[in-house]
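*Asks:* Below you'll find the structure I mean.
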Amino acid sequence: MASASQRELMRALLETHGRTYAAEAGIRLKDTPQPLYRLLVLACLLSARIRADIAVATAKELSAAGMRDPRRMAEATWQQRVDALGRGGYRRYDERTATQLGDGAKLATDRYGGDLRKMRDQADGDTATIRRSLQEFPGVGPAGADIFLREAQAVWPRTAPYLDAKALQGARALELPTEPAALLRLADGAEPAVLAAALVRVALDKKASQTLREAAHG
């Protein structure tokens, strides 16, 4: 059974970090083709060894440049993709990522008609199969597939709760339960995608766990 201190810590976690990366990137996530594709692009950007805020800013730049669906991403020139990546601060990986985004857009169009719901449906909603299919997109490895699924569970409920190793790393840093069911009970109704994002933010920030403890006990 959760202790009072764990409940306070969870409350502080959700108040401070309870925002999905999709929301931060300005993606109104729905179970429709364009938001799901934009989430795939965000997952690709977040997969690299680069700060999450830069990846989020870059996703916004690609969207502002009109590259919000596979057709428009593929129709953009390689240099247009490089330029948008650079404006977001994604300079270290811009040339490689520009190529990956172009190739991934072609794959999304050729295999799924630009609609990632078809990927889910071909997998019959099986999370492990979806995870493998995601990794067929250039630049989306195991970490990128986890990022996509952590966020997509908000609109793909059959994949929920999706609390992967990175999210559970955040739970351990806070000395919270590491069983998904126990974490969800402690979160008291919070959406799994929001909880997962909050825990990941703690896993990525070495100072976050101490700051949250101070807030919970302050």
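Coordinate-derived values only; no laboratory data. Source: prediction; values computed, not measured. We place every Cβ from the backbone using ideal geometry, glycine too, and count neighbours over all the protein chains shown.
*Asks:* When Rg is the radius of gyration of the Cα atoms in segment 106-150 and Rh is its Kirkwood radius, what does Rg/Rh come to? Before the final figure, lay out each step's value.
*Replies:* Working: Rg = 9.8 Å, Rh = 10.5 Å.
Using Cα coordinates only, the ratio equals 0.94.
*Asks:* Okay, moving on. With loop defined by DSSP as not H, G, I, E or B, and exposure as at most 10 other Cβ atoms within 10 Å, which is the longest segment of the chain clear of exposed trypsin sites (Lys or Arg not before Pro)? Write down the numbers at each step before the final one.
*Replies:* Details: sites that count: ARG28, ARG49, LYS206, LYS207.
Within the chain, the longest run free of exposed trypsin sites (Lys or Arg not before Pro) spans 50-205.
*Asks:* With unit charges on the beta carbons (Lys and Arg positive, Asp and Glu negative) and the dipole taken about the Cα centre of segment 92-218, which residue among PRO138, ALA208, GLY102 sits farthest to the positive side?
*Replies:* With unit charges placed on the Cβ atoms, the residue in question is ALA208.
*Asks:* Take the cross-link list LYS30/LYS207; LYS166/LYS206; LYS106/LYS166; LYS30/LYS206 and give me the ones stretching past 23 Å between alpha-carbons.
*Replies:* LYS30/LYS207; LYS106/LYS166; LYS30/LYS206
*Asks:* Of [x] 47, 47, 39; [y] 55, 38, 24; [z] 67, 61, 34, which is the value of Cα extents along the principal axes in Å derived from the coordinates here?
*Replies:* [y]
*Asks:* Work through the residues other than TRP78 whose Cβ is under 12 Å from its Cβ and net out their charges, Lys, Arg +1 and Asp, Glu -1. Can you show the working numbers first?
*Replies:* Numbers: positive: ARG81, ARG96; negative: GLU75, ASP83, ASP94, GLU95, ASP103.
Computed value for this residue: -3.
*Asks:* What number, rounded to the nearest 500 deg cm²/dmol, is the helix-based mean residue ellipticity at 222 nm of the chain, given -39500 (n - 2.57) per DSSP H run of at least four residues and division by all its residues?
*Replies:* On the way: 14 runs with 146 residues, N = 218.
Dividing the helical sum by the residues of the chain leaves -20000 deg cm²/dmol.
*Asks:* In debye to the nearest 20, how big a dipole does the chain give about its Cα centre with +1 on each Lys and Arg Cβ and -1 on each Asp and Glu Cβ?
*Replies:* I would put it at about 300 debye.
*Asks:* Let me ask another. What whole number of Å gives the distance from the Cα centroid of segment 72-91 to the Cα centroid of segment 6-43?
*Replies:* Each part's Cα centre sits 24 Å from the other's.
*Asks:* Note down the net charge around VAL140, summing +1 for each Lys or Arg and -1 for each Asp or Glu among other residues with Cβ under 12 Å from its Cβ.
*Replies:* On the way: positive: ARG131, ARG132; negative: ASP103, GLU136, ASP146.
Combined, the nearby Lys, Arg, Asp and Glu give -1.
*Asks:* Using DSSP to call loops (not H, G, I, E or B), can you name the GluC sites (Glu not before Pro) in segment 47-128 whose Cβ has at most 14 other Cβ atoms within 10 angstrom?
*Replies:* Numbers: sites: GLU61, GLU75, GLU95; in loops: none.
Nothing satisfies the criteria.
*Asks:* Go ahead and set up a Gaussian network model of the chain, Cα springs under 10 Å, then flag whichever of THR58, THR32, THR99 fluctuates most.
*Replies:* Taking springs between Cα atoms under 10 Å, the residue moving most is THR32.
*Asks:* Taking the Cβ of ALA215 as the centre, find all other residues whose Cβ is under 13 Å away and add up their charges (Lys, Arg: +1; Asp, Glu: -1). Display every interim value, and only then the final one.
*Replies:* On the way: positive: ARG11, LYS207, ARG213; negative: GLU8, GLU15, GLU214.
So the environment of ALA215 carries a net charge of 0.
*Asks:* May I pose another question? Which ³J(HN,Hα) values in Hz, rounded to whole numbers, follow from the phi angles of segment 83-88 under the Karplus curve 6.51 cos²θ - 1.76 cosθ + 1.60, where θ = phi - 60° and Gly and Pro get x?
*Replies:* Coupling constants for segment 83-88: 4, 5, 4, x, 4, x Hz.
*Asks:* For segment 122-137, what does the Karplus curve 6.51 cos²θ - 1.76 cosθ + 1.60, with θ = phi - 60°, yield as ³J(HN,Hα) per residue in whole Hz, taken in order and with x for Gly and Pro?
*Replies:* The phi angles translate into 5, 7, 6, x, 6, 4, 4, 5, 4, 4, 5, 5, 4, 6, 7, 7 Hz.
*Asks:* Can you pull out the GluC sites (Glu not before Pro) in segment 136-209 whose DSSP state is coil and whose Cβ has at most 16 other Cβ atoms within 10 Å?
*Replies:* Numbers: sites: GLU136, GLU151, GLU175; in loops: GLU136, GLU175.
Answer by residue number: GLU136, GLU175.
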